[in-house]
Amino acid sequence: LFPLCPVVGLGNPGMEGTRHSVGMAVLGALAARLGVADRWRGDKHVSGEVIVSEVQQTHVVLLRPRLLMNVNGVSVAKAAGKYGIRPEDILLVHDELDKPLGKIVIKHGGSARGHNGVRSCVDCLQTDAMPRLRVGIGRPTGKTPVERHVLGRFSSEEKKVLESVLVQSVDLLLSQLSQEDSQQDSQPPSSPAGGRQAVQKRKETERSSSPAENSPASQC
């Protein structure tokens, strides 16, 4: 069996151009790199949009929840159930307030650190084992409220930086997926989806981001 690697872009439907939905932008860039950007399809069973593709010997499930950020975990949990995916194999992509735009970082599990989309996933999957690609958006300057900042759109100057961030993020995701494939080659047949577990044991990898949000707790 080929390993099944889910990658989830957290965000708010209809607000794909905002800082808070940068995870969706990364997934869009990944789909474009894989040549499958025209294959998004709505799936009511997972309350989201899905693409199933292949990277080398790995089946990749791309998921963009069609629920509000605070309840993104409902969509992720439904997808985990439908595809028989273990939480530790689900890679979440989301915005990170505590790193500047231009920085991304892979974090292997741990607390939601104030990000309500991640918290919803933790609540609905009943574990915090999911690895995350955290994409820096920086904190607001001056007296701009955090909520306005994260729900706002990138400025023209930020968009120039964002272009390279999307490229780097896709490079890093493809690297993770390739490692999953190579790990799978050395896994015993009884653990078809075990590649990510080995990836999780590595230390946090920083190339460039952390999240935060201040809305009510998520529901499952």
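Any read-out appearing in this document is the output of simple, stated calculations on the displayed coordinates, not a laboratory observation. Predicted model, so just to flag it, every value in this text is computed and none were measured. Neighbour counts are summed over all protein chains in view; Cβ atoms, including those assigned to glycine, are modelled from backbone coordinates with ideal geometry.
Things worth noting here:
- The value of relative contact order for segment 56-145, using C-alpha pairs under 8 Å at least six residues apart, is 38 percent.
- Sparse-neighbour loop sites [trypsin sites (Lys or Arg not before Pro); segment 77-163; at most 11 other C-beta within 10 Å; DSSP]: K143
- Computed log₁₀ I(q)/I(0) - Debye formula, equal Cα scatterers, no solvent, segment 53-98, q 0.17, 0.25, 0.32 Å⁻¹: -0.57, -1.05, -1.31
- Using the alpha-carbon positions of segment 1-71, Rg (one decimal) and Dmax (whole number) come out as 12.0, 38 Å.
- Distance between the 7 Å Cα→Cβ label points at Q219 and D171: 4.3 nm.
- For segment 93-168: rounded, prolate or oblate by the Cα gyration tensor [a/c cutoff 1.5]: oblate
- A Förster radius of 41 Å, combined with the Cβ-Cβ distance separating K82 from E157, puts the computed FRET efficiency at roughly 0.50.
- Extension gain from A32 to E54, taking 0.36 nm per residue of separation minus the Cα-Cα distance: 6.6 nm
- Quotient of Cα Rg and 2.2 N^0.38 Å for segment 12-164, N being how many residues it contains: 1.02
- Take every Cα pair under 8 Å whose residues are at least 6 apart in sequence, average their separation, divide by the length of segment 102-186, and the relative contact order is 32 percent.
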